[in-house]
Amino acid sequence: MHQPAVRAGWRGVIEEYRRFLPVSEQTPVVTMLEGGTPLIEAPRLSERVGAKVWLKFEGLNPTCSFKDRGMTMAISKAVEEGSKAVICASTGNTSASAAAYSARAGIKCVVLIPEGAIALGKLSQAMIHGAQVLQIKGNFDDALELVKEISGKYPITLVNSLNPYRIEGQKSGAFEIVDALGEAPDYQFMPVGNAGNITAYWKGYKEYNEKGKAKTRPKMMGFQAEGSAPIVLGHPVKDPKTLATAIKIGNPASWKQAEAARDESGGVIDMVSDDEIVVAYKMLAKMEGVFCEPASAAGVAGLKKYIEKGYFANQSSVPKVVCILTGHGLKDPDRAIKVAIQPKVVEAKIDLIKKEIGL
Ligand code: F0G
């Protein structure tokens, strides 16, 4: 299997894809050399599902999620436009990325997060980078309404994916996949929350196709968590629930664009249960050695589900599949500790240790 490498001499998303992005020589590039993440082949998973599977490991970005691709653009453009402050609502990763890139740019960052509902690693990031962190007594959807209203009335730039520069930056993920594989995959499986990322990837694939860089476009296969699946159900979910806190969203901002990505590509947006997410999360860690956060595993859970349904059964050749692993497992260590085998406490005696190991 072709194992592509993209990292050597990597200059960050804006410099690497400048000609595809709305930047000029005047744009002050705020970067931490994000992007250029590995597309890792997944031999065991491939064998298990009967497809050629690659994992785009976005957990290896500077703040350990895909958000950095969009944030380098959003913060660079905010600074170019003279903004002194940014604001976002977040289930955690956007706030971590906004906080880090704002720190780097020397501007103020305000983040609204649902109280008690974001993973510990993400909260620690927003705090240590010096953002003003407001935990609201409400969910992500409530937080998004509040930041939309505030940024509409006051000179503070919204850096949620409603900001078009976020989508522009995030489309680079699709470029990298095509650059690495030499063609577009047949299918892309990914989680869907606020639906910015599926929108961005589809934009990227379409642009590369139109510019002649890829002959084809993948089918976009998006997965929501069962308790937070407004697009699948066809109506907003008032009190979304899922252990995959990153995608615990009941009224996604890019709802229509996600449906367009699905329909134009001939793909699907479906849902997976929390149990299926946990199975995929553990499977990736144990079978492939890749530790992603629970929400990231929703796409792989979807792949498993669709394979089991016989979705690829009538294909003439083995399908090429890319799964986007949106965030690193260390973002949410509590979940790993909850679902893995608990370490045993043993006396520091050689005989007892040997017995435990089976020697
Ligand atoms: N995976 C992870 C790890 C995420 O953090 C998110 C979104 C998604 C998937 C879904 O992407 O929203 O573009 O459909 N996190 C946002 C946040 C909402 O605030 O960090 P999406």
Taking H placed 1.01 Å from N in the peptide plane, check which residues at least 5 places from residue 271 or on another chain put their amide H under 5 Å from its amide H. 224
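Assign unit charges at the C-beta atoms only (+1 for Lys and Arg, -1 for Asp and Glu), then state the dipole size of segment 87-179 relative to its Cα centre in Debye, rounded to the nearest 20.
Details: 8 positive and 8 negative charges, 55 e Å.
Dipole about the Cα centre, nearest 20: 260 debye.
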Phi to ³J(HN,Hα) by Karplus 6.51 cos²θ - 1.76 cosθ + 1.60 over segment 262-271, Hz, x for Gly, Pro: 4, 6, 5, 8, x, x, 9, 10, 9, 10
Would you grab the residues whose amide H sits under 5 Å from the one on residue 293? Only those 5+ places off in sequence or on another chain, please, with H modelled 1.01 Å from N. 327, 328, 329
Helix-only estimate, please: 222 nm mean residue ellipticity of the chain, summing -39500 (n - 2.57) across DSSP H runs of length 4 or more and dividing by its residues, to the nearest 500. -11500 deg cm²/dmol
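Taking the Cα centre of the chain as the origin, how large is its charge dipole in debye, to the nearest 20, when only Lys and Arg (+1) and Asp and Glu (-1) carry charge on their Cβ atoms? All intermediate terms of the calculation are to be shown ahead of the outcome.
Details: 45 positive and 39 negative charges, 63 e Å.
Approximately 300 debye in magnitude.
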Least to most buried among 179, 332, by other C-beta atoms within 10 Å and fewest first, runs 179, 332
Close Lys-Lys pairs in segment 9-113, where close means Cα under 27 Å and separation is 8 or more or interchain: 8
Order of 79, 159, 232, 86 from fewest to most other C-beta atoms within 10 Å? 232, 79, 86, 159
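If you place +1 on the Cβ of every Lys and Arg, -1 on the Cβ of every Asp and Glu, and leave all else neutral, what size is the dipole of segment 171-305 about its Cα centre, to the nearest 20 Debye? Kindly include the intermediate steps, with their values, before the conclusion.
Values: 17 positive and 17 negative charges, 36 e Å.
The calculated dipole for segment 171-305 is roughly 180 debye.
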Segment 220-314: which trypsin sites (Lys or Arg not before Pro) are DSSP loop and have at most 16 other beta-carbon atoms within 10 angstrom? 238, 241, 309
Could you give me the ³J(HN,Hα) list for segment 45-57, computed from phi with Karplus coefficients 6.51, -1.76, 1.60 and θ = phi - 60°, whole Hz, x at Gly and Pro? 4, 4, 5, 4, 9, x, 9, 8, 10, 10, 10, 8, 8
Proxy reagent accessibility, fewest Cβ within 10 Å first, across 325, 243: 243, 325
Which is farthest toward the positive dipole end of the chain among 151, 230, 164, measuring Cα position about the Cα centre, with Cβ charges +1 (Lys, Arg) and -1 (Asp, Glu)? 164
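We did not get these values from a lab; they are worked out from the coordinates using the rules stated. As the structure is a computational prediction, the values presented were derived from the model and not from experiment. In this analysis, Cβ positions are derived from the backbone assuming ideal geometry, glycine residues included, and neighbour counts consider all displayed protein chains.
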